[in-house]
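Working notes for the structure below.
Where a number appears in this text, it was derived from the coordinates with a stated rule and is not lab data. In this text, all values refer to a predicted model and were calculated from it rather than measured experimentally. Neighbour counts run over all protein chains shown; Cβ positions are idealised from the backbone, glycine included.
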Amino acid sequence: MYVVPLGCILSGLVLAVPYSICTRFSYWAAFKYLLSNMAGLSTPLTGKMPARHGHFVTVVVSTIGFVIVAINTGIITNLQLTKRFIEYENSKTDRSSIRGALRSTAMTVAVACALIIVYIGMSSVYLAMCEQGHMDIKQSFLYTFSNAVGLCDAITDKTPQTTHGRAFAVVGSLSNLGVVGAVIGLVGELNVFNDILVSCGLLPPDDDNEKDGSYEAAETKIDVVESTG
């Protein structure tokens, strides 16, 4: 899950150079501003706002940052752990029955919820440890939950005050995008969801079954010829 934070932080370090020049921010303020946007923090790490001459640059740099986040999130969908679950679930799913479709859907939802709950729980505990005296476990949970689900306004007025807490807020929020990427990968590759789209006419029919049937028929014909010969 740390593929996304690492890629975004490295990109932020590079993009902060031209951005600080154009907006007249300090390098550190520009870096924190960009990371806050990439991570989608409900409470930005810096109170600075670009002046009028920096608005266009903000749009350009933020768009580049958004694309970088999307690319790093997409990488998560191709990790071996995600692919193994997809292969396992596809092998266990009966594509011809409603029961199989419901089972696959329920399993995917359960895995997605488990990933998010584990992420929020571990992040809340660690953030509370970093913010001893500033945020208790309840406030840490509310803050982490607000960032995880993308709330515009956090449901707590408490924000990280220490350097470690602020750094973890960014890394944790970016890691959440990795969780989202894993869920997207699961949903996009499961056969049952593809079948639903095919039945709705949104995807062309899959030819794999037809190919398998033709191959089996060809094998049967060869066996018959050999036995009669």
Note, ³J(HN,Hα) from phi for the range 126-138, Karplus 6.51, -1.76, 1.60, rounded to Hz, x at Gly and Pro: 5, 5, 5, 5, 5, 10, 4, x, 10, 9, 8, 5, 5
Stretchable slack from Val57 to Leu13, in nm (0.36 nm times residue separation minus alpha-carbon distance): 14.2 nm
Net +/- balance of residues flanking Thr156 in space, Cβ distance below 11 Å, scoring K and R +1, D and E -1: -1
Spherically averaged projected area of the range 3-75 from its Cα convex hull (nm²): 4.4 nm²
Using θ = phi - 60° and Karplus 6.51 cos²θ - 1.76 cosθ + 1.60, couplings along the range 6-14 (whole Hz; Gly, Pro as x): 4, x, 6, 5, 4, 5, x, 4, 6
Theoretical gain in end-to-end length, Ile184 to Lys158 [0.36 nm per residue, Cα-Cα removed]: 6.2 nm
